[in-house]
Amino acid sequence: MPTPVCLPPTSIESLYCDHHLWLKGWLHRRLGSAEQAGDLAHDTFVRLLNSDRVPSRLDEPRAYLTTVAQRLVSNHWRREKLERAYLEALAQAPSRVELSPEERAILLETLLELDCLLDGLPTIVKEAFLLSQLDGQTHAQVAQALGISVPTVKRYVVKALQRCFFADLSFVG
């Protein structure tokens with residue numbers, strides 16, 4: 001059984017020194033990219049530095065690090081998937097609007113924030129919201145596309161809007 005790692009004020013530093021290379025290798029095997037593995041290993045320790053929920057004692061430091069890192073990997077894949085979908089939608093747009101790199105970055109960041117806000121809602125609720133709010137479809141069009149009633153579409157859109165509104169309020173307080 002490994003010796004528990006106790007985390008004093010410089011705990012993240014010792015955790016980094018003891019496990020960074022191992023974590024980077026673990027991530028490299030999952031991602032297939034040394035560069036992405038390095039970035040996500042770094043992000044894992046940054047996440048720990050910025051968290052007030054790191055336990056003061058870790059019996060299994062590598063298990064803890066892999067849990068944090070796996071969440072970051074999931075976010076990374078989610079971001080890549082959203083980016084691909086955005087680029088595909090942009091390529092299929094009938095009128096090509098040229099966006100500056102800054103505008104593209106802002107738009108992508110907004111889509112990622114929206115994705116995070118809607119996280120946890122059922123897929124059909126997200127679809128109804130996105131078809132209505134981003135694609136500009138009427139509630140009747142959304143209902144037909146999803147095979148649900150118009151009142152259900154309205155409920156779903158309200159549910160998603162409430163999620164966005166109340167999440168926005170939590171950032172204020």
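The values are calculated or read from the model by the stated rules, or taken from the named source; none is laboratory data. In this text the structure is predicted, and so the values were computed from the model without any measurement. When we count neighbours, we look across all protein chains shown, and the Cβ atoms used for this are built from the backbone with ideal geometry, even at glycine. Ligands, DNA and RNA are excluded from the accessible area calculation, which covers all protein heavy atoms including side chains. Shrake-Rupley method; radii C 1.70, N 1.55, O 1.52, S 1.80 Å.
Remarks
- For LEU27, net neighbour charge (Lys/Arg +1, Asp/Glu -1) across residues whose Cβ lies under 14 Å away: +3
- Potential lengthening of the chain between ALA63 and TRP22 amounts to 13.6 nm, from the contour at 0.36 nm per residue minus the alpha-carbon distance.
- Potential extension, SER56-THR110 segment - 0.36 nm per residue separation minus Cα distance: 15.9 nm
- Other-chain or far-sequence residues with amide H under 5 Å of LEU58's (modelled H): VAL5, CYS6, LEU7
- Extended-chain gain in nm, criterion 0.36 nm per residue less alpha-carbon gap, ARG78 and ILE148: 22.5 nm
- Within the full protein context, the accessible area of ILE124 is estimated at about 60 Å² for a probe radius of 1.4 Å.
- Exposed-site-free run, longest, the chain (rule: trypsin sites (Lys or Arg not before Pro); DSSP loop; at most 13 other C-beta within 10 Å): 97-173
- Residue among GLU35, GLU13, GLU98 with the largest mean-square fluctuation in a Gaussian network model of the chain, springs linking Cα atoms under 10 Å: GLU98
- Here GLU35 and ALA91 are evaluated by their C-beta separation; at R0 = 22 Å the FRET efficiency comes out at 0.25.
- Working note: 222 nm ellipticity from helices only, DSSP H runs with n ≥ 4, each -39,500 (n - 2.57), summed and divided by the residues of the chain, gives -25500 deg cm²/dmol to the nearest 500.
- Going by accessible surface with a 1.4 Å probe and the largest first, LEU49, LEU117 read LEU49, LEU117.
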